[in-house]
Amino acid sequence: MDPLILGIFQSLSPNGTVGSAWQHPDDRSADFTDLDHWIRLARMFEEARLDLLFLADSYGFPALDGELIPASVKEGRGIPGGDPMPLVTALAAATERLGFILTASTTVEPPAANARRFATLDHFTKGRIGWNIVTGSSGATAADLMGKALVPHDERYDMADDYLALDLALWEDSWADDALVRDKATNTYADPAGVRMITHDGPYFRSRGILNLPPSPQRTPLLVQAGTSGRGMRFAGEHAEAVFVAGGAPERVARNIAAIRQAAVEAGRSPSAVKVLVGALFLVGPTEEAAQRTHREMLAMSTPEGAAAIFAGNTGVDLLALDPDQPLAQQRTELGLSNLQRYLGRDGRPGPTVREIIEDFRVTGINGSVFVGTGASVADQVEEFVRTTGADGFLIQPHMTPGTYEDLIEYLLPVLRARGLARDEYVGDTLRERFFGPGHRRLPAELRRNAGAVTTVS
Ligand SMILES: Cc1cc2nc3c(=O)[nH]c(=O)nc-3n(C[C@H](O)[C@H](O)[C@H](O)COP(=O)(O)O)c2cc1C
């Protein structure tokens, strides 16, 4: 088994993915507006040689029929949420090797603005940046906020194809490798012959211009995707270098991972061209009893109302308004599909009842997998999970910040390292090299090809 890719899951908000742990005296998540809080965390992750910090984000927030959900506001779940983009510049200065993956939706800002921002971040981080390309799981509120119409679910991915094609052209084609000259003696900053106009005339986006920035170490940020609907997986197969999937029953995660690798093959790529990281919680302690106590404490801070609010914001389905003893009748939504599909019946068998769904979502949240125990027992569970699912790594989600991570670093990492399941030194300078090995700094040619040809370079 190869060493795992280990990333940290955080967002600029007072809570993690299960419950409202911000209320615990030891939890510091509510300091998310304080830059020092983030610098301390980033340094801790780098010292532990964890691969990357992922910052989830959405312009949307939990709502039902256009109205706020009181439990969401009261408990700080899904509301509030800050913009991770400015944060990363500070964290890049405070660290040297830690990678960063930032979420940006293809439904909000124009593609050229996104390209310029990520190019700037790739410079400032010296190639340690990745882009989690989302089509917006809380799309309805984000669309309202931006004064836009909500685009139907699958069409959002068609738009994302077009968006990405333009961004890739800007990153990869606008500047020739030798266009940046910087010769003071001749006042030649750049070679005009090497800076090229990009013309894009796609089904959703039109643009003519340049990336107004010389090439950065990776040019294109590491491309990441995180939606496991059928259309989402096709997008991942065609374009993503890494995919985040929700955890849960190993058989379901294995099925999702196999489907993503199959989508890559159908897009003319190798199944291992996509690295899959599973969102999971690790509650690790010095003894089994201490870890179980932490788990019980976590669940005591997770309410059905808070869980239902997050589910509603993500899927548009109000579980609290449904018959608790029936399975879900709704099969589709124009919001996020993954969390709905997670609870539908399969192969003629009915899905769980609404009561069971609320309880499962209360206990596992949007991540799904919860590993509890001592370092050795969690390492055993991890090995078994990876063997069953074929995952390449994990996104480590917080119960408590920073406690969850401190425990993981103290109790689990040494065991994983002893078993060859975690690295003790960073490999590669850029984030892409962290995923694919030294020398893999640039976007693979096949991904440039898959982006299509509605763009011309002149
Ligand atoms: C680990 C993980 C992290 C995610 N992070 C975000 C995020 O930061 N912002 C967001 O809008 N959606 C996020 N999602 C949700 C998906 O990206 C996607 O938008 C949602 O599932 C809807 O797409 P789908 O219908 O294809 O599943 C995340 C999902 C997972 C599993």
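Just a few scattered comments:
- Screening 92, 115 for residues that are modelled with pLDDT of 95 or more and over 30 Å from residue 49 (Cβ atoms) leaves exactly one candidate, 115.
- Restricted to region 18-43, and to residues there that are aliphatic (A, V, I, L, M), buried (at least 16 other Cβ atoms within 10 Å of the Cβ) and closer than 30 Å to residue 223 by Cβ, the residue that is farthest from the ligand (Cβ to nearest atom) is 39.
- Filtered by the rule that a residue be in contact (Cβ under 8 Å) with a residue 60 or more places away in the chain and at positive phi, region 431-458 gives a lone residue, 452.
- Scanning region 125-161 for residues that are modelled with pLDDT of 90 or more, more than 16 Å from the chain's Cα centre (by Cα) and of a type in the set (Val, Ile, Thr) yields 125, 151.
- Subset of region 128-142 that is in contact with a Ser or Thr (Cβ under 7 Å, 6 or more places away or on another chain) and not in a loop (DSSP other than H, G, I, E, B) - its residue that is surrounded by the most Cβ atoms within 10 Å (Cβ to Cβ): 139
- Residue in region 51-77 that is modelled with the highest pLDDT, counting only those that are under 27 Å from residue 128 (Cα atoms) and either small (Gly, Ala, Ser) or more than 16 Å from the chain's Cα centre (by Cα) (or both): 56
To keep it simple, each residue is scored yes or no on (1) crowded, with 20+ Cβ neighbours inside 10 Å; (2) without any contact (Cβ under 8 Å) to a residue 60 or more places away in the chain; (3) touching a Cys at 6+ places or on another chain (Cβ under 7 Å).
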| residue | (1), (2), (3) |
| --- | --- |
| 370 | yes, no, no |
| 374 | no, no, no |
| 390 | no, no, no |
| 398 | yes, no, no |
| 403 | no, no, no |
| 408 | yes, no, no |
| 418 | no, yes, no |
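- All conditions in (1) aromatic (Phe, Trp, Tyr); (2) in a strand (DSSP E or B); (3) within 16 Å of the ligand (Cβ to nearest atom) hold for residue 189, with the sole exception of (3).
- Of the residues making up region 190-216, those that are surrounded by 12 or more Cβ atoms within 10 Å (Cβ to Cβ) and either more than 28 Å from residue 160 (Cβ to Cβ) or without any contact (Cβ under 8 Å) to a residue 24 or more places away in the chain (or both) number 6.
- Residue 49 satisfies every condition listed in (1) assigned to a loop (DSSP other than H, G, I, E, B); (2) within 16 Å of the ligand (Cβ to nearest atom); (3) in contact with a strand residue (DSSP E or B) (Cβ under 9 Å, 6 or more places away or on another chain) except (2).
- Of all residues in region 212-260 being part of a loop (DSSP other than H, G, I, E, B) and among the polar types (S, T, N, Q), the one that is modelled with the lowest pLDDT: 228
- Identity of the residue in region 103-117, within 16 Å of the ligand (Cβ to nearest atom) and of a type in the set (Gly, Ala, Ser), that ends up surrounded by the fewest Cβ atoms within 10 Å (Cβ to Cβ): 104
- Single condition residue 125 does not satisfy, out of (1) surrounded by fewer than 19 Cβ atoms within 10 Å (Cβ to Cβ); (2) away from the ligand (no atom under 15 Å from the Cβ): (1)
- Number of the condition not met by residue 363 [criteria: (1) crowded, with 16+ Cβ neighbours inside 10 Å; (2) in a loop (DSSP other than H, G, I, E, B)]: (2)
- Of residues in region 66-102 being closer than 16 Å to residue 142 by Cα and of a type in the set (Val, Ile, Thr), the one surrounded by the most Cβ atoms within 10 Å (Cβ to Cβ): 69
- Complete set of residues in region 221-247 that are over 23 Å from residue 51 (Cα atoms), within 11 Å of the ligand (Cβ to nearest atom) and either hydrophobic (A, V, I, L, M, F, W, C) or surrounded by fewer than 24 Cβ atoms within 10 Å (Cβ to Cβ) (or both): 229, 230, 231, 233, 234, 235
- Among (1) at negative phi; (2) in contact with a helix residue (DSSP H, G or I) (Cβ under 8 Å, 6 or more places away or on another chain) - the single one residue 428 does not satisfy: (1)
- Residue within region 60-71 that is in a helix (DSSP H, G or I) and not aliphatic (A, V, I, L, M) present: yes
- Test result for residue 7, part of a loop (DSSP other than H, G, I, E, B) and not hydroxyl-bearing (Ser, Thr, Tyr): no
- Boolean, residue 378 is β-branched (Val, Ile, Thr), within 22 Å of residue 412 (Cα to Cα) and either in contact with a strand residue (DSSP E or B) (Cβ under 6 Å, 6 or more places away or on another chain) or more than 13 Å from the ligand (Cβ to nearest atom) (or both): yes
- Number of residues in region 315-341 that are in a helix (DSSP H, G or I) and among the aliphatic types (A, V, I, L, M) equals 4.
- In region 137-149, the residues that are of a type in the set (Asp, Glu) form Cβ pairs under 9 Å with partners that are in a loop (DSSP other than H, G, I, E, B) and within 15 Å of the ligand (Cβ to nearest atom), at six or more places apart or across chains, as follows: 144/60; 144/150.
- Among (1) touching a strand residue (DSSP E or B) at 6+ places or on another chain (Cβ under 8 Å); (2) part of a helix (DSSP H, G or I); (3) away from the ligand (no atom under 16 Å from the Cβ); (4) touching a residue at least 12 places away in the same chain (Cβ under 8 Å), the one test that residue 385 misses: (3)
The values are calculated or read from the model by the stated rules, or taken from the named source; none is laboratory data. These numbers were taken from a predicted model, which means no experiment stands behind them. With ideal geometry, Cβ positions are generated from the backbone for all residues, glycine too; neighbour counts draw on all protein chains shown.
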